[in-house]
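Visitor: The following block contains the structure, expressed as structure tokens.
Just so it is clear, none of the values below were taken in a lab; they were calculated from the coordinates. Quick caveat, the model's predicted, so the values are computed rather than measured. Here the Cβ is made from the backbone with ideal geometry for all residues, glycine too, and neighbour counts use every protein chain on show.
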């Protein structure tokens, strides 16, 4: 796994970078060598935050945890990623490294695999609008995200409310 460590408005010490690489090595058994892991460390109002995004083909695993130390936040992030993998192990086994999910590796009493997905379909007309209009519509509906057709590009886009109170815009990569 290729690991890239970044500091957001800070420099990441070599000791922390080595700890991150050691912690993420435990995921090598699940993924191939072409897997990429992006780790972002940041401090917000004195709280240490570690965000890990692992990309394997079209599958993305992401976890973000905060604590009073980077070490604790990193431990929690690794546990969160492992929970995601355990919860979806059958579906993931079809996508990731063959034989990666050996039954003995998981204590099935501790983690219950997610049942089949129940998908409710909803349809509505996509009216061309600006991202600002989409945010207004999302807030009026009381939703945390809103899909719309961008009036400028005529592409389907999504606006969403972020944890920090800001808004995000998802556009299709070309």
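Visitor: Roughly how far apart, in whole Å, are the Cα centres of region 119-140 and region 154-174?
Guide: 12 Å
Visitor: Kirkwood hydrodynamic radius for region 128-170: how many Å is it when counted over pairs of different Cα atoms?
Guide: This gives a value of 10.1 Å.
Visitor: Under a no-solvent Debye model with one identical scatterer per Cα of region 1-79, what's log10 I(q)/I(0) at q = 0.15 Å⁻¹?
Guide: -0.47
Visitor: Kindly rank 23-34, 1-12, 66-77 from highest to lowest mean number of other beta carbons found within 10 Å of each residue.
Guide: 66-77, 23-34, 1-12
Visitor: Here is a follow-up. How many percent of DSSP beta bridges within region 118-174 run antiparallel, rounded to 5?
Guide: Looking only at bridges with both residues in region 118-174, the antiparallel portion is about 80 percent.
Visitor: Modelling each spin label as a point 7 Å along the Cα-to-Cβ direction, I'd like the residue 141/residue 25 distance in nm, to one decimal.
Guide: 4.7 nm
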